[in-house]
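See structure below.
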Amino acid sequence: MEAQKSATFRSLSENVGQFNLRDKTLLIPEMNRIGAHLIAGAFRGFGTNALVMDTYKGLELGKEFTSGKECFPCQVTTGDILLYLKNEKERLGDDFNPENYVFFMPEAEGPCRFGMYNKYQRIVLDSFPELRKVKIGSLTSQDSYALDGMIDKNRARDFRKTAYFSVVIGDILDRLLWRIRPYEREEGATDDFIEQSMITMANSFESYGATRDFDRILDRLEEMIEEGKALVDPDIPPKPLIGIVGEIYLRSHVHSNQNVIKMLERYGAEVVNASIAEWVDYTTYDRVREAKTSLRLNLKQFRLDGVKSGLKKLLNRGGDMLYQRILLDRAYKRMKPLLDLAVDHGMTHMEKILTRDDLYSFELGTEACLSIAGIMEYMQEGYNGVVNVYPFTCMPSTITSSIMRPIMNRNKIPYLDAAYDGTYQPGREAAIRTFMYQANQHFKRNGRKKHS
Ligand code: SF4
């Protein structure tokens with residue numbers, strides 16, 4: 001019993017981390033569908049055999065090997081990996097070699113539980129003797145998801161840029177979907193078109209990502225936007241504009257959120273979800289803040305070595321932040337003249353909103369920083385309602401709800417908390433229908449603004 005325990009603890013450090021991906025198959029769980037496929041394309045462009053696993057089909061397995069106390073995304077992704085490996089084992093029989101696979105599961109530093117998913121999943125994989133050698137490849141928000149050790153050192157920085165760009169392009173394709181689907185001439189045409197566009201774009205990242213030929217990728221994206229615009233029926237009048245915030249996995253994973261965007265659209269909404277790039281920007285920004293604090297402290301205490309290393313960190317992280325912003329602006333600047341798409345706000349702006357209204361602090365961290373500032377922005381921009389989408393019991397989203405619900409009530413802007421745990425709540429659709437009725441009333445009284 002003791003020996004088993006120590007083997008498990010050793011496994012947490014030996015089999016979770018940043019492993020070289022050469023000659024391995026990288027298994028990427030699907031969070032938002034487009035982003036996952038684009039990043040897989042980017043990995044393939046850099047020579048890693050990456051694939052996106054089927055999702056949600058293994059939920060029963062996920063529930064069987066969790067206790068129910070974990071956050072819902074942990075249950076879903078545990079099911080995804082177990083089902084994939086089970087099928088792979090059946091397919092390959094004796095040729096199945098667990099050492100060929102790396103399961104991709106990033107993490108974030110506390111204070112909530114995202115840092116624990118991969119540890120828990122390690123324990124689950126270790127409970128199957130034949131899966132003990134499947135590694136878990138983990139990136140951490142602590143170093144802004146740097147890829148040290150996973151990609152060859154001389155290419156890691158290039159890959160990080162391409163990966164970030166794939167996240168931005170994934171966001172734009174998602175925004176194209178939400179922008180045109182409520183106004184489509186033919187039902188289902190937008191979904192088919194976006195699915196096809198996603199495959200084309202993943203191939204573009206595979207072909208041009210490694211050489212960072214981003215202009216070619218943007219040329220293709222421009223063509224897609226033009227093709228997408230042709231699906232719109234210009235006679236359909238503008239609809240109430242609804243903003244979504246919340247926990248990144250749940251608000252992006254259509255199976256887990258029971259396709260909340262489509263349901264809102266069914267009741268007359270046009271929806272904008274918070275982006276994925278926003279989270280990456282936030283982690284980078286947080287590292288910059290951290291570096292500034294440590295530099296200040298070292299300066300105060302006249303620690304020369306500390307000042308030197310602090311300065312270096314600040315320059316590196318500040319450089320990452322700046323480069324990310326340049327890439328993001330470059331993509332949106334090309335797309336904005338073609339179609340009125342929502343644009344991400346800079347982190348400095350988000351922090352200012354929180355400080356200005358004394359609502360929350362970046363010092364406390366978590367996605368609550370983004371969700372609270374995001375709702376304030378939606379309010380200011382004239383959205384007709386906001387939905388906060390999150391896993392049942394999610395800490396940052398519960399904080400968001402407790403702070404923002406009274407403010408939304410005071411400002412008479414429709415607001416809905418939508419918590420999910422995999423069960424179907426009989427009242428959910430009625431709640432969304434009522435929310436959309438209120439949003440329509442708001443729209444009639446106040447109109448709506450274009451995306452800024
Ligand atoms: S953000 Fe919410 S769902 Fe995600 S780990 Fe933290 S508490 Fe769990």
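Data table
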| read-out | value |
| --- | --- |
| Cα-Cα P(r), the chain, percent of pairs per 10 Å interval | 4, 20, 30, 28, 14, 4, 0, 0 |
| 5 angstrom amide H check on GLU184, placed H, neighbours 5+ away | ASP233 |
| When each of LYS69/LYS133; LYS312/LYS333; LYS239/LYS412; LYS308/LYS352 is checked by Cα-Cα distance, pairs over 24 Å | LYS69/LYS133; LYS312/LYS333; LYS308/LYS352 |
| Phi to ³J(HN,Hα) by Karplus 6.51 cos²θ - 1.76 cosθ + 1.60 over region 126-138, Hz, x for Gly, Pro | 5, 6, 10, x, 6, 10, 4, 8, 6, 7, 10, x, 10 |
| Counted charge near ASP417, where neighbours are those whose Cβ lies closer than 15 Å (Asp, Glu -1; Lys, Arg +1) | 0 |
| Net charge of Cβ neighbours under 13 Å - reference LYS133; Lys, Arg +1; Asp, Glu -1 | +1 |
| Value of Rg/Rh across region 136-217 [Cα atoms, Kirkwood radius] | 1.09 |
| HN-Hα J in Hz across region 208-222 - Karplus 6.51, -1.76, 1.60, θ = phi - 60°, x for Gly and Pro | 10, x, 5, 8, 6, 8, 5, 5, 5, 5, 5, 4, 5, 5, 4 |
| nm² value of the averaged projected area, convex hull over the Cα atoms of region 14-89 | 5.9 |
| Per-residue SASA entry for ASP23, accessible area with 1.4 Å probe, Å² rounded to 10 | 140 |
| Portion, in percent, of the accessible area of region 46-182 that falls on carbon or sulfur, probe 1.4 Å | 50 |
| Residue-averaged [θ]222 nm for the chain, counting only DSSP H segments that reach four residues, each worth -39500 (n - 2.57) | -18500 deg cm²/dmol |
| Solvent-accessible area of PHE46 with every protein chain in place, 1.4 Å probe, in Å² to the nearest 10 | 20 |
| J(HN,Hα) series, region 98-106, from Karplus relation 6.51 cos²θ - 1.76 cosθ + 1.60, nearest Hz, glycine and proline x | x, 6, 7, 10, 10, 8, 8, 9, x |
| Where the chain is the region considered: accessible area per residue in Å², 1.4 Å probe | 45 |
| Percent accessible area from carbon and sulfur atoms, region 315-452, protein chains only, probe 1.4 Å | 57 |
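The values are calculated or read from the model by the stated rules, or taken from the named source; none is laboratory data. As the structure is a computational prediction, the values presented were derived from the model and not from experiment. Cβ sites come from the backbone with ideal geometry, for glycine too, and all protein chains shown count toward neighbours. In case anyone asks, the SASA skips ligands and DNA or RNA and just uses the protein heavy atoms, side chains included. Shrake-Rupley method; radii C 1.70, N 1.55, O 1.52, S 1.80 Å.
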